[in-house]
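Visitor: Right, I'll just put the structure down here and ask away after.
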Amino acid sequence: MSFSRKAIFNFFLIIALIIFPKIISADEVKIFIAKEILTLNSRNDSVEAVATQGSKIINLGSKEELTSIYPNADLINNYENSILVPGFIEHHIHPFLAAVTMNSEILAIEDWHLPAKTSNGVRDRTSYLSNLNEIEKNHPANQPLISWGFHHYFHGKLTKHDLDKISSTRPIIIIHRSFHEFILNTPAMKVLGINKEAFNLHEEKNNLANFDDGHFSERGAIIVLPKLMEVLASPKTLIKGLLKTRDYLHSNGITVIGNPGSMYNKDLQAAKNLIFGNVDSPFESYFFPSALNISEQFKLNEVLDAAKEQTSWGTGKLNYLPKHIKLFADGAMYSQNMVMRDGYIDGHEGSWLMSLDTFENLFKIFWDDGYQIHIHQNGDAGLDRLLATLKKNLDNNPRTDHRTTVVHFGYSAKDQLEQMKKLGVVVSANPYYVTALSDLYSRKGVGYERSQEMVRLGDAIKSGIKVALHSDMPMAPASPLMLMHAAVNRDNFAGKVAGPNQRITKVEALRAVTIDSAYVLRLEKMYGSIEVGKYANFTALNKNPLMVKNNEIKNIRVLGTVIKGDLISSN
């Protein structure tokens, strides 16, 4: 009897694996033990042990089973009394905006709990101005005051004249909650050289750049942003803010982040790489470009090449996703600049962030090159534009599994859901809009009926549309547990439930911050559930989010994370 060389090689390989397992395998086997492990795999198993080797999961089962199979494995008992879930994925945050927020004096409509500080929220004009005045008095001398969180519907109209009363010498820059608006006092405008003569305003309309009031919104905000960057993004302050953002995200159990619409700016990218790309970063990052930002720096026939070039900018734990791009339909939810089919009850108008020609041209360029297109949308008229443009491109150039993503999903009409399902879109929603805005918008601007159905996740899931949840940090706290709570409960600042039929189940919400968030980024084969072959990313919790009462989800504590088989830390 003769044996082939391959058979002989395989025979000796098996013998070697038996006799010298530690020599053959460079990575030790670890067995993570927990009170319960929610896998969210295809069978929705619940187990008590996971075996990993290197960065990957190799087996699931009971502690007894796995220790029998791997007798020499390293037992990790740190979370033996805790609940492990798939590592939380926050697929839509803005690290630069978050860094600016973390560096600023936060004065918002709700409390913000940061690793080193808690900022108490205020919801009326008198309290806002009083608190801002107190902040200014205690602010370090010879430093500009930058504050984030102002919201005009809660805090009233704010102009440079109000800010000049607080200080006529110190530059004060107020960043609107939406980050789509800025209010500057006279010293700030003077120091930064922001005046009518310095800008070409032929494209601005609807008072979007109001120099008399020091108020700049949407397109008006974009024109002054380069000047503001001199203050908001100096290297020292930016790094400091990114470090705070990193710690904040980790404290909320996040193992993977996505940054859709990263700016085409190599200096900013270098800072992000330094902090988020570092080997010691407690999470992994996946970025992709903004077509709007690129189109403002390149000609139309150059934007595709610029986007492809930008995808090479990541390093280490920060990578760019190939063939992903972000476009913009209508304006910000927090500014009530979304474009609505039936307008606003107070008569004001929303704003388009891209002209129809620009939107359609950019959509076609990236569609024809096979990109997954993520579109910022907040109003139902904005959704109409998105769906019409998608249908036109699907008709002209059919594609399967395109995963065109409706981002934010603020207001929609029920008749749009069937079309969304038919066209194959997925939804990346911000459920915190309901918490913060549904009561106020029921009374101002939009009206009760439409605001009850804000972020209509219940209908979307019933229609068979895949839904993921994001914070759009800093538009909402980047806490997946808070997002789950908002989507499951839909309770708002008034203590009422807005649109109870739009609530989703706890398991749907948990999937929306894990496996379905991975799906939006096309990373579901690597992340999002606990199953053999995937990366060993886990988030440890003190309670089972599927077993607690609905109104207790946000009170669950994050105990730590595991990234690719490595125990990061406990909080």
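Visitor: Please give the number of the condition residue 147 fails out of (1) polar (S, T, N, Q); (2) more than 28 Å from the chain's Cα centre (by Cα); (3) closer than 23 Å to residue 228 by Cα.
Guide: (2)
Visitor: For residue 48, indicate whether it is closer than 18 Å to residue 531 by Cα, of a type in the set (D, E, K, R), assigned to a helix (DSSP H, G or I) and without any contact (Cβ under 8 Å) to a residue 24 or more places away in the chain.
Guide: No; evaluated as a whole, the condition is false for this residue.
Visitor: Scanning for something surrounded by fewer than 17 Cβ atoms within 10 Å (Cβ to Cβ), over 16 Å from the mean Cα position of the chain (by Cα), within 30 Å of residue 241 (Cα to Cα) and in contact (Cβ under 8 Å) with a residue 24 or more places away in the chain, does region 535-551 turn up at least one residue?
Guide: Checking region 535-551: at least one residue is surrounded by fewer than 17 Cβ atoms within 10 Å (Cβ to Cβ), over 16 Å from the mean Cα position of the chain (by Cα), within 30 Å of residue 241 (Cα to Cα) and in contact (Cβ under 8 Å) with a residue 24 or more places away in the chain.
Visitor: Restricting to region 527-543, what's the tally of residues that are assigned to a loop (DSSP other than H, G, I, E, B) and among the β-branched types (Val, Ile, Thr)?
Guide: Matching residues across region 527-543 total 2.
Visitor: Looking only at region 308-333, count every residue that is without any contact (Cβ under 8 Å) to a residue 40 or more places away in the chain and more than 18 Å from residue 267 (Cβ to Cβ) and tell me the total.
Guide: The total comes to 3.
Visitor: Taking residue 239 and the conditions (1) among the β-branched types (Val, Ile, Thr); (2) crowded, with 19+ Cβ neighbours inside 10 Å; (3) free of Cβ contacts under 8 Å to residues at least 40 places away in the same chain, which numbered condition does it fall short on, given that it satisfies the others?
Guide: Only one criterion is unmet by residue 239, namely (2).
Matching residues to (1) at pLDDT below 95; (2) at positive phi; (3) of a type in the set (Val, Ile, Thr); (4) in a helix (DSSP H, G or I):
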| site | (1), (2), (3), (4) |
| --- | --- |
| 483 | no, no, no, yes |
| 517 | no, no, no, yes |
| 525 | no, no, no, no |
| 545 | no, no, no, no |
| 553 | no, no, yes, yes |
| 568 | yes, no, yes, no |
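Visitor: Filter region 79-127 for residues that are out of contact with any Gly (no Cβ under 9 Å at 6 or more places or on another chain) and in a strand (DSSP E or B); which is surrounded by the most Cβ atoms within 10 Å (Cβ to Cβ)?
Guide: 84
Visitor: Now for a different question. Looking at region 386-396, can you tell me whether even one residue there is surrounded by fewer than 24 Cβ atoms within 10 Å (Cβ to Cβ) and either under 18 Å from the mean Cα position of the chain (by Cα) or closer than 17 Å to residue 344 by Cβ (or both)?
Guide: No: zero hits.
Visitor: Within region 153-176, can you find the residues that are part of a helix (DSSP H, G or I), surrounded by fewer than 19 Cβ atoms within 10 Å (Cβ to Cβ) and under 32 Å from the mean Cα position of the chain (by Cα)?
Guide: Residue satisfying the conditions is 153 alone.
Visitor: While we're here: Under the condition of being β-branched (Val, Ile, Thr) and within 23 Å of residue 416 (Cα to Cα), which residue from region 334-366 is surrounded by the most Cβ atoms within 10 Å (Cβ to Cβ)?
Guide: 339
Visitor: For the condition over 30 Å from residue 157 (Cα atoms), among the polar types (S, T, N, Q) and in a loop (DSSP other than H, G, I, E, B), what is the one hit in 281, 335, 285?
Guide: 281
Visitor: Does any residue of region 187-194 turn out to be in contact (Cβ under 8 Å) with a residue 12 or more places away in the chain and touching a His at 6+ places or on another chain (Cβ under 8 Å)?
Guide: There is no residue in region 187-194 that is in contact (Cβ under 8 Å) with a residue 12 or more places away in the chain and touching a His at 6+ places or on another chain (Cβ under 8 Å).
The values are calculated or read from the model by the stated rules, or taken from the named source; none is laboratory data. Keep in mind that what you see is a predicted model, and the values were worked out from it rather than measured. Glycine also receives a Cβ, built like all others from the backbone with ideal geometry; neighbour counts cover every protein chain displayed.
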